[in-house]
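Below is one structure, written out as structure tokens; comments come after it.
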Amino acid sequence: MVEQRDVRIILGNPIDWEKFRNKTVLVTGATGRLGMYIVEALSEANIDWNLNITILAMARSREKLRNVFRNSLELPFIHALVQDITEPVTWEGDIHYIFHTAGLASPEDFTNTPVETLWGHVQGTRNILELARTHHGEKILYVSTVEIYGAWES
């Protein structure tokens, strides 16, 4: 799970946390390695600097969200969204920032079910772009894997 030491390192970096003040931030793939660190870092920054951020932690499994975030889900500014990224995302209200980290990433997924795996990335990203368009999105950060981009050749 998330190491508090790592979250403190993230918070110690020169990040303009003020840009998130009074904003709603969606993190897709919130139970994945990157997603959970983004949620926890935003949560800590929100508490430390009273930023009034609304955090939407999105994953396919409520149980996994509970296992990863435990008591953090009881905080009034964190909302668990149990949805599949390949379906249109539903949320009433603005979403200003999106950290799109959802998608299968293991080499086994790309080897055993390449079409389905790639489709999840393509359709999921399309859904996120549409969500940003219709919910006043300001910025999207898309996180992917080398399997999506291909190996770098020298």
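The values are calculated or read from the model by the stated rules, or taken from the named source; none is laboratory data. Keep in mind that this is a model prediction, so the values were computed, not measured. Positions of Cβ are generated from backbone atoms using ideal geometry, with glycine treated the same way; all protein chains shown enter the neighbour counts. Note: areas computed on protein heavy atoms with side chains; ligands, DNA, RNA excluded. Shrake-Rupley method; radii C 1.70, N 1.55, O 1.52, S 1.80 Å.
Miscellaneous remarks
- Percent of C-alpha pairs per 5 Å bin, the range 64-133, short to long: 3, 14, 20, 20, 19, 14, 7, 2, 0
- Under the simplified labelling scheme, the Thr113-Glu3 pair shows an inter-label distance of 3.1 nm, with each label point 7 Å from Cα along Cα→Cβ.
- Residues whose amide H falls under 5 Å from that of Gly137, counting only those 5 or more places apart or on a different chain, are Ile95, with hydrogens built in the peptide plane.
- C-alpha long axis of helix 114-134 to longest principal axis of the chain, angle in °: 40
- Derived scalar couplings between HN and Hα for the range 2-11 equal 6, 8, 4, 4, 5, 4, 5, 4, 4, 5 Hz in order, rounded to whole Hz, by the Karplus curve 6.51 cos²θ - 1.76 cosθ + 1.60 (θ = phi - 60°), x for Gly and Pro.
- Solvent-accessible area, 1.4 Å probe, carbon plus sulfur percent, for the range 1-127: 51
- Projecting the Cα atoms of Ala45, His136, Ala59 onto the dipole axis of the chain, where Lys and Arg carry +1 and Asp and Glu carry -1 at the beta carbon, places Ala45 farthest toward the positive end.
- For the range 1-48, the relative contact order is 47 percent, taking Cα pairs closer than 8 Å that sit 6 or more residues apart in sequence and dividing their mean separation by the residue count.
- Antiparallel DSSP beta bridges within the chain, percent to nearest 5: 0
- Dipole magnitude of the chain about its Cα centre (Cβ charges: Lys, Arg +1; Asp, Glu -1), debye to nearest 20: 280
- Residues of type aspartates and glutamates that Lys64 reaches as a straight line, Cα spacing below 20 Å, ignoring anything fewer than 8 places off in the same chain: Glu3, Glu40, Glu74, Asp84, Glu87, Asp109
- In percent, rounded to a whole number, the relative contact order of the range 11-154 is 25, using alpha-carbon pairs under 8 Å and six or more apart.
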